[in-house]
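Working notes, beginning with the structure itself.
The values are calculated or read from the model by the stated rules, or taken from the named source; none is laboratory data. Just so you know, these numbers come straight off a predicted model, no measurement behind them. For neighbour counting, all protein chains shown are included, and Cβ atoms are generated from backbone atoms with ideal geometry for every residue, glycine included. These accessible areas exclude ligands, DNA and RNA; they are computed on the full protein's heavy atoms, side chains included. Shrake-Rupley method; radii C 1.70, N 1.55, O 1.52, S 1.80 Å.
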Amino acid sequence: SVTGVQTCALPIFMFFKYFNLKKNNLNDQSLTFYKEIVNHSNFFIKNQIGDENLNFNDVFEIFTIVTIFYLKKLKDKNTTDSKIISQEIIDSFVRDLDQHFREQGIGDMSIGKYVKKYVKKFYYRLQILDAVFEKNKELDISEYLNKIDNLPKQNIDQISSNLKELYNRILIEN
């Protein structure tokens with residue numbers, strides 16, 4: 001009976017090893033995408049808008065747009081893995097919000113309220129931009145961008161065009 005347990009445990013161990021390996025690969029992939037989101041957002045803010053007049057809320061808006069672009073590409077793949085990766089990206093985003101507010105001196109008792117506020121904002125924007133994607137086969141977010149306070153209004157069409165180019169360059173491999 002002892003040998004029976006050992007032979008039985010080996011396949012289960014190998015299954016868990018495979019499962020954890022696959023999960024780790026998805027975590028690695030979601031982390032890679034999240035780093036790309038951060039890099040695209042930073043590059044866009046510095047080179048397309050200029051970050052001298054932007055506050056946290058404006059940066060949040062651009063970061064949200066880029067994140068939603070990735071989530072849209074993953075949603076279009078419509079696989080179990082893409083759903084897991086999307087959730088991991090959102091989880092990383094929430095962790096970053098939490099860390100940001102802690103660095104700003106928000107205490108443990110209030111941190112949840114601040115994070116919740118921005119998560120709600122994120123999901124509201126996700127809903128708006130998802131409707132833009134569904135309504136228009138061409139991505140046109142000029143109207144949405146006009147609502148962001150510190151974006152230079154005279155450059156909205158150019159910013160929209162540049163974001164559209166960015167969206168088209170995002171590749172989500174199998």
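Taking segment 142-154 only, how many residues are part of a helix (DSSP H, G or I) and modelled with pLDDT of 75 or more? Spell out the reasoning first.
Going residue by residue through segment 142-154, those that are part of a helix (DSSP H, G or I) are 142-145, 153-154.
Remaining after also requiring modelled with pLDDT of 75 or more: 142-145.
Selection size over segment 142-154: 4.
Among the residues of segment 39-55, those identified as in contact (Cβ under 8 Å) with a residue 12 or more places away in the chain and more than 17 Å from Lys153 (Cα to Cα) are His40, Ser41. Of all the criteria given as (1) more than 30 Å from Gln158 (Cβ to Cβ); (2) open to solvent by less than 50 Å² (accessible area, probe 1.4 Å); (3) modelled with pLDDT under 90, the one not satisfied by Val94 is (3). Entry remark, segment 61-78: residues being closer than 14 Å to Tyr144 by Cβ and in contact with a Lys or Arg (Cβ under 8 Å, 6 or more places away or on another chain) number 4 in total.
Note on segment 66-93: among residues that are touching a helix residue (DSSP H, G or I) at 6+ places or on another chain (Cβ under 6 Å) and of a type in the set (Val, Ile, Thr), the one that is farthest from Arg169 (Cα to Cα) is Ile84.
If the requirement is being under 21 Å from Asn162 (Cβ atoms) and assigned to a helix (DSSP H, G or I), which of these qualifies: Ile68, Ile85?
On the way: Ile85 fails: under 21 Å from Asn162 (Cβ atoms).
So the residue among Ile68, Ile85 that is under 21 Å from Asn162 (Cβ atoms) and assigned to a helix (DSSP H, G or I) is Ile68.
Within 15 Å of the chain's Cα centre (by Cα), surrounded by 14 or more Cβ atoms within 10 Å (Cβ to Cβ), modelled with pLDDT of 90 or more and closer than 15 Å to Val38 by Cα - does that describe any residue in segment 71-85? Yes; the residues of segment 71-85 include at least one that is within 15 Å of the chain's Cα centre (by Cα), surrounded by 14 or more Cβ atoms within 10 Å (Cβ to Cβ), modelled with pLDDT of 90 or more and closer than 15 Å to Val38 by Cα.
Select, from Phe122, Phe60, Phe133, Phe43, the only residue that is open to solvent by 90 Å² or more (accessible area, probe 1.4 Å), in a helix (DSSP H, G or I) and of a type in the set (A, V, I, L, M, F, W, C).
Numbers: Phe122 fails: open to solvent by 90 Å² or more (accessible area, probe 1.4 Å); Phe60 fails: open to solvent by 90 Å² or more (accessible area, probe 1.4 Å); Phe133 fails: open to solvent by 90 Å² or more (accessible area, probe 1.4 Å).
Going through Phe122, Phe60, Phe133, Phe43 in turn, just one is open to solvent by 90 Å² or more (accessible area, probe 1.4 Å), in a helix (DSSP H, G or I) and of a type in the set (A, V, I, L, M, F, W, C): Phe43.
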